[in-house]
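Reading through the structure tokens given below for one structure.
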Protein chains: 2
Amino acid sequence: MKSFDFTCTKKDKHSFARSGVIHTPHGDIETPAFVPVGTQATVKSLTPEEITDSGTDLFFVNTYHMVLRPGIDVIKKFGGLHQFMHWDKPLITDSGGFQVFSLGAKRFARKNEDGQGEASLVRISDDGVTFKSHWDGKEYLFTPENSMQYQNDLGSDIHIAFDDCTPYPVTKKQAEKSMQRTHQWAKRSLAAHKNGALYGSIQGSVYEELRVASTEFITSFPFDGFAIGGVSVGESKKEMEQVLSWVTPILPQDKPRHLLGVGEIDDIYTLISHGIDTFDCVQPTRLARMGIVFVDNQKVDITKIEYEKDIHPIDDTCQCYTCKYYSRAYVHHLFHVRELLGYRLATIHNLFFVNALVREMREAIGNGTFPRYNKERR
Amino acid sequence: MKSFDFTCTKKDKHSFARSGVIHTPHGDIETPAFVPVGTQATVKSLTPEEITDSGTDLFFVNTYHMVLRPGIDVIKKFGGLHQFMHWDKPLITDSGGFQVFSLGAKRFARKNEDGQGEASLVRISDDGVTFKSHWDGKEYLFTPENSMQYQNDLGSDIHIAFDDCTPYPVTKKQAEKSMQRTHQWAKRSLAAHKNGALYGSIQGSVYEELRVASTEFITSFPFDGFAIGGVSVGESKKEMEQVLSWVTPILPQDKPRHLLGVGEIDDIYTLISHGIDTFDCVQPTRLARMGIVFVDNQKVDITKIEYEKDIHPIDDTCQCYTCKYYSRAYVHHLFHVRELLGYRLATIHNLFFVNALVREMREAIGNGTFPRYNKERR
């Protein structure tokens, strides 16, 4: 057995949905799987044990944030992020490309595509991207080569090729130029890559011709899996579904696919039915910290006065730690008085809820009941 | 066996230190014991399981805060605080008297002893205290009778008689008047008390004559234990020790003593050597949230740059969850980027540290080695 491998265990007959297992040096990931985001080497407020207890197999960390704080040299001293943050299960890092986008989003609008605009914190060239850190003004260079080096030093199980994450909205011409750069960077990423599995990154914005071209180009290289990028940057949910409908049918069946930055509660059925294996999203944990908890696929604001004396758990049917031991009234009280435990209890619940929802779909695929699941739950 | 009882298991031969067990309906408390403060029905950032794992037997909640938020009626719906906050071990509540002090501290200085000062949020009379809530301006009345009713509704194992917590500094005449009021309120507390153990409250400020008189008066009533109040309001550590030297030798040997609001790391040996059984203090948890952690009885600021790359645990010899799995560098990083997990990990360590320190002293008393312990550690 290779140290990294994907086994598809079942394909749905009525959609592109599939279930499977990704094998990594740090254990298996049952797919489809939701992937919580630990931006700064922590899934906000939780310990790794709580993340695991919520049903999580794979943890997502942003390379960009690690480069800034604490710095790659700190994590190298520990032999990698696993040891640094006490996580011994599979780990995925991104390329840093999305943060290029976040900081340079307006580059086309400002007509400083090649980074000459003086207001921008970012300069993009064919070689790579120069950032000014948003918190101390220090300058950093990201290239395919050092993104690969960073991810290698972080020791994640799954790395992502350095890409130029295309902003939105964008003209087709601009999107094509950005895609071409992603393709050049993909080849350089592959050449520079050392350990760990490497996923190629597919761009092309909302243009069918470009998405198809990008998929064909990227899948012609020996990547271990594929990441679909640029779908969380402002498109409508309709456009997101269109992109998936162009890309996933022509992806190789024997390799895993990750959808970057998408996975709100009402996206999950759609992306799984299009054959996505793993997907990361901050929504469940971010909403939790605002006091928004999931109950039966709905968002409930636990800070509302109506929950002040509610002795029931957030969700009567939920098996999470929060619902086992605490009432809505207690969680409401903690948010009301801004106690840290409130953020934790809500985060534990939301993460458990999303993982349970995805597990339910995974099992439905396995049982051949996914279309029925669709009718009942959608 | 009574539902509440105290057994003294060992007395030190060279000091007033003693070890013992307080039996309560929710289990035993091995004494001497540190008592963490869960002001708002939560020991900030921790779950009850983490509090227990840190070696804590007894949890302290402020009645005043419960009255304001979430309100006693909410907690009554749950049948008490134990159920509300998922804590099934012993629980102690205070009378609300200390908050009278906190809000009305300057009452003597302002010459509005009887509550006529217009700037004050509090009006004190022989009947009781009228508060204006510091957060919504709503008015609340605290009397011995309703303090007893509140604590009964909260369902704590140990209640404290409603007292007039004497401010500091104070003239002897003012301290005596305040003490007399505490004594009248003690009798009314005893008459109004229903369930749970009730501790009488001893006041008298820094005046030997008054402290002795208060101890003699309060111990002449059938309280289940005694709380020493007014020692955390601004006196020096020297004065604190003097107060203990007057009071504890004349307390009954067969009943437990609680010292209210004292227990900084360098107070602990002193108060235990004076025969205190339990004591509550916010210092270990409050310092933790500022990034100050205990290492070998010293305070270490983990946010300092020197810990940025330190791969060692906070304390190599510590058995707490934080020291088992995390480095100084990781905790430093979490504080640096203001991640919630940092507050948790530091709080877990500090609470474990204080409980271990007190357990060490408890065992030294049991082994007859407390004076040696003193020489080595003080």
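For segment A:35-49, indicate whether the set of residues that are in contact with a strand residue (DSSP E or B) (Cβ under 7 Å, 6 or more places away or on another chain), assigned to a helix (DSSP H, G or I) and surrounded by 22 or more Cβ atoms within 10 Å (Cβ to Cβ) is non-empty.
No, segment A:35-49 contains no residue that is in contact with a strand residue (DSSP E or B) (Cβ under 7 Å, 6 or more places away or on another chain), assigned to a helix (DSSP H, G or I) and surrounded by 22 or more Cβ atoms within 10 Å (Cβ to Cβ).
Pick from segment B:320-335 the residues that are of a type in the set (A, V, I, L, M) and surrounded by 23 or more Cβ atoms within 10 Å (Cβ to Cβ): which of them is farthest from the other protein chains (Cβ to nearest Cβ)? Outline the logic, then answer.
Applying the first criterion (of a type in the set (A, V, I, L, M)) to segment B:320-335 yields B:329, B:331, B:334.
Within this subset, residues satisfying the condition of being surrounded by 23 or more Cβ atoms within 10 Å (Cβ to Cβ) are B:331, B:334.
Numbers: B:331: 11, B:334: 6 Å.
So the residue we want is B:331.
For segment B:162-203, give me each residue that is part of a loop (DSSP other than H, G, I, E, B) and charged (D, E, K, R). Before you say what the answer is, go through the steps one by one.
So the first thing to find is which residues in segment B:162-203 are part of a loop (DSSP other than H, G, I, E, B), and the list is B:162-171, B:193-196, B:203.
The answer is B:163, B:164, B:194.
Conditions: (1) modelled with pLDDT of 95 or more; (2) charged (D, E, K, R); (3) within 24 Å of residue B:278 (Cβ to Cβ); (4) touching a helix residue (DSSP H, G or I) at 6+ places or on another chain (Cβ under 8 Å). Residue B:164 meets all but one. Number of the miss?
(1)
Given the structure, is residue A:350 more than 14 Å from residue B:42 (Cα to Cα), under 22 Å from the mean Cα position of the chain (by Cα), polar (S, T, N, Q) and outside the structural domain of residue A:17 (by TED's automatic domain parsing)?
For residue A:350, the condition - more than 14 Å from residue B:42 (Cα to Cα), under 22 Å from the mean Cα position of the chain (by Cα), polar (S, T, N, Q) and outside the structural domain of residue A:17 (by TED's automatic domain parsing) - is met.
For segment B:31-75, how many residues meet the condition of being among the charged types (D, E, K, R) and facing another protein chain (nearest Cβ under 8 Å)? Write out each step before concluding.
Kept after step one, since they are among the charged types (D, E, K, R), are these residues of segment B:31-75: B:44, B:49-50, B:53, B:57, B:69, B:73.
Applying the additional criterion that residues be facing another protein chain (nearest Cβ under 8 Å) yields B:44, B:69, B:73.
Selection size over segment B:31-75: 3.
Which of (1) polar (S, T, N, Q); (2) assigned to a helix (DSSP H, G or I); (3) over 20 Å from residue B:195 (Cα atoms); (4) over 19 Å from the mean Cα position of the chain (by Cα) does residue B:15 not meet, given it meets every other one?
Looking at each condition in turn, residue B:15 falls short on (2).
Could you please give the count of residues in segment A:288-308 that are surrounded by 19 or more Cβ atoms within 10 Å (Cβ to Cβ) and over 29 Å from the mean Cα position of the chain (by Cα)?
Residues in segment A:288-308 being surrounded by 19 or more Cβ atoms within 10 Å (Cβ to Cβ) and over 29 Å from the mean Cα position of the chain (by Cα): 1 in total.
For segment B:126-167, which positions are surrounded by fewer than 18 Cβ atoms within 10 Å (Cβ to Cβ) and within 29 Å of residue B:239 (Cα to Cα)?
Selection gives B:126 alone.
In the list A:12, A:28, A:88, A:73, which residue meets the criterion of being buried (at least 22 other Cβ atoms within 10 Å of the Cβ) and of a type in the set (D, E, K, R)?
Selected residue: A:12, the only one of A:12, A:28, A:88, A:73 that is buried (at least 22 other Cβ atoms within 10 Å of the Cβ) and of a type in the set (D, E, K, R).
I'd like to check something: does segment A:322-336 contain any residue that is over 30 Å from residue B:88 (Cα atoms) and of a type in the set (Lys, Arg)?
The initial filter retains those residues of segment A:322-336 that are over 30 Å from residue B:88 (Cα atoms), namely none.
Within segment A:322-336 (the criterion being over 30 Å from residue B:88 (Cα atoms) and of a type in the set (Lys, Arg)), the answer is no, since none of the residues qualifies.
Go through segment A:328-362 residue by residue and tally those that are charged (D, E, K, R), over 21 Å from residue B:65 (Cβ atoms) and touching a residue at least 40 places away in the same chain (Cβ under 8 Å). I'd like the intermediate steps shown before the answer.
We begin by selecting, within segment A:328-362, every residue charged (D, E, K, R); these are A:328, A:338-339, A:344, A:359-360, A:362.
With over 21 Å from residue B:65 (Cβ atoms) added as a condition, the list becomes A:359-360, A:362.
Filter again for touching a residue at least 40 places away in the same chain (Cβ under 8 Å), leaving A:359, A:362.
Total meeting the criteria: 2.
Say whether the condition of being out of contact with any Leu (no Cβ under 6 Å at 6 or more places or on another chain), buried (at least 18 other Cβ atoms within 10 Å of the Cβ) and of a type in the set (A, V, I, L, M, F, W, C) is met by at least one residue in segment B:309-319.
yes
Quick check on this structure: which one of A:244, A:210, A:271 is under 15 Å from the mean Cα position of the chain (by Cα), on the phi < 0 side of the Ramachandran plot and not in a strand (DSSP E or B)? Even if it seems obvious, please write down each step before you answer.
Details: A:244 fails: under 15 Å from the mean Cα position of the chain (by Cα); A:210 fails: under 15 Å from the mean Cα position of the chain (by Cα).
Checking each option against the conditions leaves just A:271.
For the condition within 13 Å of chain A (Cβ to nearest Cβ), surrounded by fewer than 18 Cβ atoms within 10 Å (Cβ to Cβ) and of a type in the set (D, E, K, R), what is the one hit in B:338, B:344, B:359?
On the way: B:344 fails: surrounded by fewer than 18 Cβ atoms within 10 Å (Cβ to Cβ); B:359 fails: within 13 Å of chain A (Cβ to nearest Cβ).
Answer to the check: B:338.
Yes or no, residue by residue, for (1) part of a helix (DSSP H, G or I); (2) in contact with a helix residue (DSSP H, G or I) (Cβ under 6 Å, 6 or more places away or on another chain):
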| position | (1), (2) |
| --- | --- |
| A:299 | no, no |
| A:318 | no, no |
| A:334 | yes, yes |
| A:352 | yes, no |
| A:365 | yes, no |
| A:373 | yes, yes |
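Could you tell me whether any residue of segment A:283-305 is in contact with a strand residue (DSSP E or B) (Cβ under 8 Å, 6 or more places away or on another chain), touching a residue at least 24 places away in the same chain (Cβ under 8 Å), within 14 Å of chain B (Cβ to nearest Cβ) and among the hydroxyl-bearing types (Ser, Thr, Tyr)?
yes
If you go through segment A:153-185 one residue at a time, how many are over 19 Å from the mean Cα position of the chain (by Cα) and under 22 Å from residue A:72 (Cα atoms)?
Of all residues in segment A:153-185, those over 19 Å from the mean Cα position of the chain (by Cα) come to A:153, A:169-181, A:183-185.
If we keep only those that are under 22 Å from residue A:72 (Cα atoms) too, we end up with A:153, A:185.
Count: 2.
Within the bounds of segment A:265-275, is there any residue that is within 14 Å of another protein chain (Cβ to nearest Cβ), in contact (Cβ under 8 Å) with a residue 40 or more places away in the chain and not basic (Lys, Arg)? Even if it seems obvious, please write down each step before you answer.
From segment A:265-275, those within 14 Å of another protein chain (Cβ to nearest Cβ) are none; that's our starting set.
No, the conditions are met nowhere in segment A:265-275.
Pull out all pairs, ordered by first then second residue, where Cβ-Cβ is under 7 Å, the residues are six or more apart or on different chains, the first lies in segment A:197-222 and is of a type in the set (Lys, Arg), and the second is in a loop (DSSP other than H, G, I, E, B).
A:211/A:204
Can you list the helices (runs of 4 or more DSSP H) found entirely within segment B:54-105 that contain at least 3 residues being within 15 Å of residue B:39 (Cα to Cα)? Steps first, answer last, please.
Values: elements: B:63-68, B:72-77, B:81-85, B:97-104.
Hits in segment B:54-105: B:63-68, B:81-85, B:97-104.
Do we have any residue at all in segment A:274-287 that's in a helix (DSSP H, G or I) and more than 17 Å from the chain's Cα centre (by Cα)?
First pass over segment A:274-287, keeping only residues in a helix (DSSP H, G or I): A:283-287.
In the following step, the residues that additionally are more than 17 Å from the chain's Cα centre (by Cα) were identified as none.
Taking every residue of segment A:274-287 in turn, none turns out to be in a helix (DSSP H, G or I) and more than 17 Å from the chain's Cα centre (by Cα).
Any idea which of (1) assigned to a helix (DSSP H, G or I); (2) over 21 Å from residue A:126 (Cβ atoms); (3) under 19 Å from the mean Cα position of the chain (by Cα) is the one residue A:249 doesn't satisfy?
Against the list (1) assigned to a helix (DSSP H, G or I); (2) over 21 Å from residue A:126 (Cβ atoms); (3) under 19 Å from the mean Cα position of the chain (by Cα), residue A:249 comes up short only on (3).
The values are calculated or read from the model by the stated rules, or taken from the named source; none is laboratory data. Quick caveat: nothing in here was measured; it's all calculated off a predicted structure. Counting neighbours? That spans all protein chains shown, and the Cβs are built from the backbone with ideal geometry, glycine included.
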